[in-house]
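Contents: one structure, followed by commentary.
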Amino acid sequence: MGRRRVITLALETSCDETSCAILRGSSQILSNVIASQADLHARFGGVVPEAASRRHVERMVPVIRLALTNAGIGLPQVDLIGVTNRPGLAGALLTGVTAAKALAYALKRPIVAVHHLEGHIYSARLAEPEIEPPLLALVVSGGHTQLVLVERPLEYRLLGSTRDDAAGEAFDKGARLLGLPYPGGPALAQLAESGEAAAAPMPRAWMGESLDFSFSGIKTALRNALADGPLKRPEDYAAGYQAAIVDVLCVKTMRAAEITGVPTVCVVGGVAANGRLRAAIGTAAKARGLRLVVPPPELCTDNAAMIAAAAHARYLLRGGDAMEFDTIPTESLESAASVPA
Ligand code: KG4
Ligand code: ZN
């Protein structure tokens with residue numbers, strides 16, 4: 001590939017976003033096209049897996065074409081293909097992996113299979129290219145809530161995770177209880193802005209000194225509060241609910257930073273787009289002299305640029321993967337270090 005910086009084309013289809021990005025080198029985003037299916041799933045109140053797969057198939061080629069156009073390059077200029085192959089909805093993952101393998105085969109280029117959460121962690125590198133391990137990552141998405149220690153590149157140690165619902169899931173379920181449309185997280189956050197958290201306090205599940213999380217109780221607390229009355233303003237419930245989730249995420253992240261002694265903390269995943277979480281962790285990190293990296297909101301929610309960044313890093317250290325790799329609906333990030341054949 002000479003001295004020219006590697007051009008990576010990556011695909012992300014693990015859930016309900018069809019995304020294709022073109023990355024130059026480790027962190028220069030040439031394009032990052034994200035076709036959301038939110039409109040399709042909204043009427044069902046959540047993601048319908050088969051509908052998601054079919055929509056990915058419809059959108060795949062136009063999204064790839066647009067990503068190339070926006071980047072101002074043609075397919076022959078692509079050096080490396082990256083794709084999310086785990087974890088995620090089985091059918092949705094298959095669409096991206098099949099397209100990526102076809103591209104790699106036709107172009108005779110190497111391919112790298114990426115763990116979705118490793119992609120989220122690499123979104124921090126897109127925001128601040130010079131950050132290096134050791135670092136702590138709070139990964140907060142719709143399916144996962146994890147505190148991950150990255151001691152060396154591509155090696156992940158799970159310090160804590162949710163024992164039930166993920167933080168994003170809690171946002172989505174709380175939003176549904178408040179009668180807000182899917183996707184609930186941003187809608188609840190918006191409603192909360194005009195509310196008063198102290199007017200509708202919600203419980204926090206601290207789980208003792210543990211770095212694990214539990215977010216299912218708060219959903220029940222909200223359901224009971226709504227059923228019992230006295231009726232408070234919906235925006236107060238939203239604010240109280242959001243404040244409880246943010247509080248727990250923030251306190252546990254700071255505790256993990258203290259225990260591990262790492263200088264850098266990254267907050268990634270869809271929930272990292274939340275304004276209150278960004279502000280609270282920003283204040284806490286500053287008070288402790290920690291370097292905090294929170295990507296811009298559009299890189300927090302699912303996108304292929306983060307997958308390209310992870311694929312590129314993995315390629316430089318480990319080379320490409322054999323074409324035969326599978327899709328895996330459920331797999332921990334810790335096992336991401338060994339790419340399944
Ligand atoms: O990382 P992501 O885009 O997809 C998964 O990998 O799951 O995260 C999606 C999650 C959803 O639960 C969504 O409601 C939540 O992130 N989310 C938010 C916000 N934006 C997205 N939650 C709270 N506040 C937001 N602004
Ligand atoms: Zn995600």
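The values are calculated or read from the model by the stated rules, or taken from the named source; none is laboratory data. Keep in mind it's a predicted model, so treat the numbers as computed, not measured. In this analysis, Cβ positions are derived from the backbone assuming ideal geometry, glycine residues included, and neighbour counts consider all displayed protein chains. Calculation scope for accessible area: heavy atoms of the full protein, side chains included, ligands and nucleic acids excluded. Shrake-Rupley method; radii C 1.70, N 1.55, O 1.52, S 1.80 Å.
Brief remarks on what is shown
- Subset of the range 193-220 (residues that are closer than 15 Å to R176 by Cβ and either open to solvent by 20 Å² or more (accessible area, probe 1.4 Å) or more than 23 Å from the chain's Cα centre (by Cα) (or both)): S216, K219, T220
- Residue list for the range 96-119, restricted to those being of a type outside the set (A, V, I, L, M, F, W, C) and away from ligand 2 (no atom under 16 Å from the Cβ): T98, K101, Y105, K108, R109, P110
- Residues of the range 266-320 satisfying the condition of being away from ligand 2 (no atom under 15 Å from the Cβ), small (G, A, S) and touching a residue at least 12 places away in the same chain (Cβ under 8 Å): G275, A280, G282, A284, A285, A311, A313, G319, G320
- Within the range 169-185, the presence of a residue that is modelled with pLDDT of 95 or more and touching a His at 6+ places or on another chain (Cβ under 9 Å) is excluded.
- Residue match in the range 314-332 (condition: closer than 13 Å to A113 by Cα, under 18 Å from the mean Cα position of the chain (by Cα) and hydrophobic (A, V, I, L, M, F, W, C)): yes
- When restricted to residues that are within 16 Å of ligand 1 (Cβ to nearest atom), within 21 Å of R59 (Cα to Cα), in a helix (DSSP H, G or I) and of a type in the set (A, V, I, L, M), the range 80-121 contains 3.
- Number of residues in the range 167-181 that are within 16 Å of ligand 2 (Cβ to nearest atom) and over 10 Å from N274 (Cβ atoms) equals 3.
- Candidate set from the range 69-79 (those that are part of a helix (DSSP H, G or I) and hydrophobic (A, V, I, L, M, F, W, C)); member that is farthest from I29 (Cα to Cα): L75
- Options L66, L23, L80: the member that is open to solvent by 10 Å² or more (accessible area, probe 1.4 Å) and either without any contact (Cβ under 8 Å) to a residue 60 or more places away in the chain or in contact with a helix residue (DSSP H, G or I) (Cβ under 6 Å, 6 or more places away or on another chain) (or both): L66
- For the range 260-305, filtered to residues that are out of contact with any strand residue (DSSP E or B) (no Cβ under 8 Å at 6 or more places or on another chain) and farther than 23 Å from D172 by Cβ, the residue that is most open to solvent (accessible area, probe 1.4 Å) is R288.
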